[in-house]
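Below is one structure, written out as structure tokens, with a few remarks after it.
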Amino acid sequence: METAKIGKRGTLVIPAKLRQRFALKEGDLLVTEEREGGILLRPAVAIPVEIYTPQRKAEFLLNNAVSQRDYDNACKAIRAMGLDPAAIPNTEDVRREDLPTDKDFSRMMTRIRGNLASRGRAAGRRA
């Protein structure tokens, strides 16, 4: 058992052996929990959260459209956010007229699934 010391403003000095054992360094976060017998300290991990602007969300919607209907639905959602879809810069330069119709997209996906299935069968025969 080691002794720790509380300094000004409640700073706590954790003994070097414990800092090394738990790989604690300056600036690391600790979770503090009140327990019946005292205070429990545990290392914590902070994961940064990215917050997107409405314009960035609109850009995601347009760039992720895979068919004309997807694009139309994205435009509706963008208008519901109070934005103009034509004013949103598309990093991938997605244009509605370049996207397949639902029927064409369905045919493409059926062909892709068939190719994947035949590759799987061929790989099974080789094994």
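The values are calculated or read from the model by the stated rules, or taken from the named source; none is laboratory data. Fair warning: this is a prediction, and the values are worked out from it, not measured in the lab. Ideal geometry is used to build each Cβ from the backbone, glycine not excepted, and the neighbour counts take in all protein chains shown.
Key figures for this structure:
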| read-out | value |
| --- | --- |
| All positions within region 37-82 that are over 22 Å from the mean Cα position of the chain (by Cα) and among the β-branched types (Val, Ile, Thr) | ILE39 |
| Residue within region 114-125 that is surrounded by 13 or more Cβ atoms within 10 Å (Cβ to Cβ) and either in a strand (DSSP E or B) or not acidic (Asp, Glu) (or both) present | no |
| Enumeration of residues in region 74-109 that are at pLDDT 95 or above, in a helix (DSSP H, G or I) and loosely packed, with under 10 Cβ neighbours inside 10 Å | ALA80 |
| Qualifying positions in region 24-51 - small (Gly, Ala, Ser) and without any contact (Cβ under 8 Å) to a residue 12 or more places away in the chain | GLY27, GLY37, GLY38 |
| Of all residues making up region 62-73, the number that are assigned to a loop (DSSP other than H, G, I, E, B), surrounded by 15 or more Cβ atoms within 10 Å (Cβ to Cβ) and either of a type in the set (Ser, Thr, Tyr) or without any contact (Cβ under 8 Å) to a residue 12 or more places away in the chain (or both) | 1 |
